[in-house]
Amino acid sequence: MGLDDMLKDQIRNRAPELKKKLVDEFGELTHKDMDEVGDDPDEIVDKIHKKTGQPREQVEQRVRQHAQSLS
């Protein structure tokens, strides 16, 4: 599935807010983890996927939902 370009732009533009929400949702994730990945949407998804062990598609869906809630 993946993240489309429009959503990636949205994530980059709202990365600080989005990353705070993601750290709150995923207990295994830290603010340091999010600082390490910068604002790259694919890196954000990869980091969450690796830290939580959740399927990438599921992580993408949660990231998408959080990003859309910030619009």
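The values are calculated or read from the model by the stated rules, or taken from the named source; none is laboratory data. Since the model is a prediction, treat every value here as computed from it, not as a measurement. Using ideal geometry, Cβ is built from the backbone for each residue, glycine included, and neighbour counts are taken over all protein chains shown. Note: areas computed on protein heavy atoms with side chains; ligands, DNA, RNA excluded. Shrake-Rupley method; radii C 1.70, N 1.55, O 1.52, S 1.80 Å.
Sort the following peptides by mean Cβ neighbour count (other Cβ atoms within 10 Å, averaged over residues), highest first: 53-61, 8-16. Write out the running numbers ahead of the final one.
On the way: 53-61: 14.0, 8-16: 16.1.
In decreasing order of mean packing, 53-61, 8-16 become 8-16, 53-61.
For VAL23, what is the net charge nearby, where nearby means another residue's Cβ is under 10 Å from its Cβ and Lys, Arg count +1, Asp, Glu -1? The partial results should precede the final answer.
On the way: positive: LYS19, LYS20, LYS21, LYS32; negative: ASP24, GLU25, GLU28, ASP33.
Net local charge, VAL23 excluded: 0.
Can you give the helix-only mean residue ellipticity at 222 nm for the chain, where every DSSP H stretch with n ≥ 4 adds -39500 (n - 2.57) and the sum goes over all residues, rounded to the nearest 500 deg cm²/dmol?
Details: 5 runs with 53 residues, N = 71.
My calculation for the chain gives -22500 deg cm²/dmol from helical runs alone.
Given +1 on the Cβ of Lys and Arg, -1 on the Cβ of Asp and Glu, and no further charges, what dipole in debye does the chain carry about its Cα centre, rounded to the nearest 20? Please list the in-between numbers first.
Values: 13 positive and 17 negative charges, 44 e Å.
Magnitude of the dipole: close to 220 debye.
With a ≥ b ≥ c taken as the square roots of the eigenvalues of the C-alpha gyration tensor of region 1-46, please select rounded if a/c is under 1.5 and otherwise prolate if a/b is larger than b/c or oblate if it is not? Working shown, then result.
Details: a/c = 1.84, a/b = 1.65, b/c = 1.11.
Verdict is prolate for region 1-46.
Excluding ligands, DNA and RNA, what is the solvent-accessible area per residue of region 1-66 at a probe of 1.4 Å, expressed in Å²? Please list the in-between numbers first.
Details: 3940 Å² over 66 residues.
In whole numbers, region 1-66 has 60 Å² accessible per residue.
Summing Lys, Arg as +1 and Asp, Glu as -1, what charge do residues with Cβ under 14 Å from the Cβ of ASP39 carry, ASP39 excluded? Spell out each step's value before the answer.
On the way: positive: LYS8, ARG12, ARG14, LYS19, LYS20, LYS47; negative: ASP9, GLU17, ASP33, ASP35, GLU36, ASP40, ASP42, GLU43, ASP46.
Net local charge, ASP39 excluded: -3.
What percentage of the solvent-accessible surface of region 1-42, computed with a 1.4 Å probe over protein heavy atoms, is contributed by carbon and sulfur atoms? Each step should come with its number before you reach the end.
Numbers: 1240 of 2650 Å².
The nonpolar share, carbon plus sulfur, comes to 47 percent.
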